[in-house]
1. Could you say whether any residue in segment C:4-12 is out of contact with any helix residue (DSSP H, G or I) (no Cβ under 7 Å at 6 or more places or on another chain), within 14 Å of chain B (Cβ to nearest Cβ), over 23 Å from residue D:21 (Cα atoms) and in a helix (DSSP H, G or I)?
2. Across segment B:168-186, which residue is modelled with the highest pLDDT among those that are loosely packed, with under 13 Cβ neighbours inside 10 Å and more than 19 Å from residue B:107 (Cα to Cα)?
3. Taking residue D:189 as meeting all but one of (1) at pLDDT below 70; (2) surrounded by 13 or more Cβ atoms within 10 Å (Cβ to Cβ), write down the number of the exception.
4. Can you say whether residue D:79 is assigned to a helix (DSSP H, G or I), on the phi < 0 side of the Ramachandran plot and modelled with pLDDT under 90, as far as the supplied structure shows?
5. For segment B:86-133, which residues satisfy the criterion of being surrounded by fewer than 20 Cβ atoms within 10 Å (Cβ to Cβ) and touching a strand residue (DSSP E or B) at 6+ places or on another chain (Cβ under 6 Å)?
6. Is it the case, given these coordinates, that residue C:103 is within 8 Å of chain B (Cβ to nearest Cβ) and under 24 Å from residue C:175 (Cβ atoms)?
7. Please go through segment B:63-85 and give me each residue that is buried (at least 23 other Cβ atoms within 10 Å of the Cβ) and more than 10 Å from chain A (Cβ to nearest Cβ), ordered by number.
8. Within the bounds of segment D:20-27, is there any residue that is more than 26 Å from residue D:171 (Cβ to Cβ) and modelled with pLDDT of 90 or more?
């Protein structure tokens, strides 16, 4: 399979998932909507935005990984479908979390779902980088290790949130929001290592 | 990230949002549908068409902006996701507005959601044009200012509609419909300034 | 706007509409599904297949039209969005028709929705062919007229179905199924005129 | 129609179907979700994953087939839409199967839906390979036969599952899971025959 087909298909799945998230925010049935009557929707609205941002981060990370891949074999194809499976699943724990922020179970399931997504992304990267024939020639060992850390470190944050949920679900939610912000806010360290690696490969 | 990937992903999101809007028009449960029994659907049907046209205008505007962008850096990528976040949100206020045209709150939320979308588009354009290394060489200062006005002026119309909603929701709805029509109907001023700028850049 | 962007966006909308149709077929709530318990779904299942085929025909027709277009101006862009608006609407009358085949009102609305789609396609073609600067050079007047007839004749069939619905909804449904079959089944006349025109233009 | 358009449209449909599957997993309404309260969702979650994998296998198979096709005529186009019709239908039997694993009727309908998909894929392949003008030049007769077997053999597995459902629905479900695994797990026989055929054609 050509890499461009894999990219287009994955982009389609990411685009649909990120858009379907709004379907979890249901307009309450009844007479007339007021600011008061929409108050129960606040958790759904916040989880909508949170998951939108997190899926956005995954989409960007997916591109950065594929940028260094030149060939897709059958195993890498299925590892990519594993990544997509975990991404497609995200609307479910999102919807569950939207039913209430104080439920440690819902908060934990959300975190576990994110950990599963990072883990599948890590598997993809470990497999690809262990097969140099699938990769750009100029990817340095150090860059491979940097990406390993980028994929693994959010799992620590999410894992901590899962543990903390029994004590304070608020603390967990703050962690869920803080982790993606680390990847979105200006971040000289991250930008330097990506742009160095990118410069070493043929096309941007 | 290559610009073409960003375009394809954004197009996917726009296409899904514009299509999901019809899911807000629910066939009433019960025995047999008649013209009479569908009367309560009139607001949903009108808001469906209104939002379809407005999202269509946003899609066209998004293309015009990206046409002059040549490079996408991390910040522009995230500003683009901010635009998409506000577009993906539109089905929710659309659905709310469809529950009744006489509710000033629903009318206002709809307008605020459109203002947020124009604002995020304006941020995208301001950031891109402030970084000449991301832009086509031949974009004139005057054209940049014209687009600033194109993005800002609908906010005035929508803002007026938000204010008027307490007095007459009908007036607000007419404003919501009038603003996009300004961009759709033949409009020599708009066409001249866009085509001048387009002619100055390498590809159409 | 480049034609390829318009094509990709339109393809996205067609793909989503054709897939969303299955969401109208609801699994009945309750204990255990049996062949008996699914009998009320027969109309939904048939309308799902009918609309799938009809939207498929529209997608193919849309491509054939765009094949002969080389430039897209603002008006053609908005005529294309008008086509997409009528296509995106189709799931609603489909869903309504799925609630009962014996309801002349639902049968009529379905036909009117298809007529609106053909009409918008015809507008697109009439506008494009009236502006030679937007078209391939080698499109003959005779081919333009053939496509006019291809777009118009289904309206006669659907219009007849709308009229007949008061007398026999069954007859209307048969007409709805017969019209697209005319375009799908081997059809030497249609194929000859399309392939002649295609051969005259630069790329297939 | 150019092959790339057909591929892009089909990819869009596959991406939407694979993502819509999660919409069948409904968060139960009520007070607070617990591991206990989610137990009724286990069948939906398992069928979600099962159908995700099966649709993934179909997507990969679709690409492998199209890889050897160079020209798309009207009949092949409609055979492709027949494949997509059966793929778009899959969410319905998936949803039904998710309402209970012990219902032989739901288990059978699921299997029949998969058989229909394999059958339509086989029709596509048989038609394409019977028209050498639509195919790559270097596709050997032996490879054509290998793909015939690849498309047909799952039907045996699914057919057996349909028959066994009256005796043990569990056995049927294990068969549904085993068949796609055969295509996903490392499989030297399959890989050799595909890579031999691919090497013989111009581009990968």
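1. Checking segment C:4-12: at least one residue is out of contact with any helix residue (DSSP H, G or I) (no Cβ under 7 Å at 6 or more places or on another chain), within 14 Å of chain B (Cβ to nearest Cβ), over 23 Å from residue D:21 (Cα atoms) and in a helix (DSSP H, G or I).
2. B:185
3. So the condition that residue D:189 fails would be (2).
4. Answer is no for this residue.
5. Passing the criteria: none in range.
6. Taking the combined requirement at face value, the residue satisfies it.
7. Of everything in segment B:63-85, just one residue is buried (at least 23 other Cβ atoms within 10 Å of the Cβ) and more than 10 Å from chain A (Cβ to nearest Cβ), namely B:83.
8. yes
The values are calculated or read from the model by the stated rules, or taken from the named source; none is laboratory data. Predicted model, so just to flag it, every value in this text is computed and none were measured. Please note: Cβ atoms are built from the backbone with ideal geometry, for glycine as well, and neighbour counts cover all protein chains shown.
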